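The values are calculated or read from the model by the stated rules, or taken from the named source; none is laboratory data. This is a predicted model, so every value here is computed, not measured. Cβ atoms come from the backbone with ideal geometry, glycine included; neighbour counts cover every protein chain shown. The area values use the complete protein model at the heavy-atom level, side chains included, leaving out ligands, DNA and RNA. Shrake-Rupley method; radii C 1.70, N 1.55, O 1.52, S 1.80 Å.
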Amino acid sequence: MQTFNHLITTRPHEVRQVFISDLHLSPEEPALVQAFLALLDDCLALPALKRLFILGDWFEVWIGDDAYLTLSDAARQTHWLTPLIAKLKQLRIKGCEILVMHGNRDFLLGQPFCNLFGGELIDEPHMLTIGQQHYRLEHGDALCTDDKKYQFFRKIMRNRLTQWYLLNKSLEKRLAIAEKMRQKSQQNNANKAAHIMDVNDEAVIQAVANSDALLHGHTHRPDIHQATTDKKRYVLGDWRLLNKDARKPTVSAVIGVMITNAHSDSNKAKFELVEFKLQV
């Protein structure tokens, strides 16, 4: 796997699509926010970029679009999300589609927020066809079927009635619920065997049955696996803050890029995992 300090060094004229996941952005981790802004600057410099996919867990927690949409103009000017929205809007105006998928942390994210920058909220799984290749995109938590308790929780949280119930509570109550859920999740995960929180092989085989490759995040275990004899499973990485206590911390993330040679047709598109590394 290649490592680049800036995405534009990866043959800029050949990068057509970029795939990221598990950024877990929050005001408590400004370095991750700055790294995302830097990635967007690189995307703006890619002359042939057509799509940016954010495949879930964009935010560490999302309690509803109204947490931002109901802010006054003055409050928005100093809010940590405003620079992100402005940069994404620039990217969309340039002609790059921005496609956002729910994760297990931000399943209350809605289209109204995405409308602020011209993005589109997509369902999972999302099928992407490049040339003659069909890629199945998803966040990845639905593949962890060995974790029975989590799958039960996921089913409840993804229910529209549950989400309606949550969104009709006050922002303060939603924030308290989200914090309690996050603490409980951390406690539960600390006591689980590592393999339980990874994908299930049979679930992967079923997921890739009608496609040529599977692409997901969630597990924080970036790698390329052989899903079946002739099909691959690509795992995007989480955005990690290295040497956190250093004066200039470094952020590392394994992201996906779809490369098409400038002198060939889209049938010869190639998917690659690369490490995006940035000193903040």
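Pairing residues of segment 37-56 that are open to solvent by less than 20 Å² (accessible area, probe 1.4 Å) with residues that are aromatic (Phe, Trp, Tyr), at Cβ distances under 7 Å and at least 6 apart in sequence or on separate chains, gives Leu39/Phe276; Phe53/Phe19; Leu55/Phe19.
Taking segment 87-106 as the range and being part of a loop (DSSP other than H, G, I, E, B), open to solvent by 20 Å² or more (accessible area, probe 1.4 Å) and without any contact (Cβ under 8 Å) to a residue 60 or more places away in the chain as the test, the residues that pass are Lys94, Gly95, His102. For segment 119-169, filtered to residues that are basic (Lys, Arg) and either free of Cβ contacts under 8 Å to residues at least 24 places away in the same chain or in contact with a Pro (Cβ under 7 Å, 6 or more places away or on another chain) (or both), the residue that is surrounded by the fewest Cβ atoms within 10 Å (Cβ to Cβ) is Arg160. Screening segment 75-84 for residues that are open to solvent by 20 Å² or more (accessible area, probe 1.4 Å) and in contact (Cβ under 8 Å) with a residue 24 or more places away in the chain and picking the one that is nearest to Phe53 (Cα to Cα) gives Pro83.
Among the residues examined, Arg16 does not qualify as modelled with pLDDT of 95 or more and of a type in the set (D, E, K, R).
Exactly one residue among Arg240, Arg182 is open to solvent by 50 Å² or more (accessible area, probe 1.4 Å) and touching a Ser or Thr at 6+ places or on another chain (Cβ under 7 Å), and that residue is Arg240.
If a residue must be outside any loop (DSSP other than H, G, I, E, B), under 23 Å from Asp141 (Cα atoms) and open to solvent by 10 Å² or more (accessible area, probe 1.4 Å), how many such residues does segment 18-31 contain? Selection size over segment 18-31: 0. The set of residues from segment 57-74 being surrounded by 22 or more Cβ atoms within 10 Å (Cβ to Cβ) and either within 13 Å of the chain's Cα centre (by Cα) or farther than 16 Å from Phe113 by Cα (or both) comprises Asp57, Trp58.
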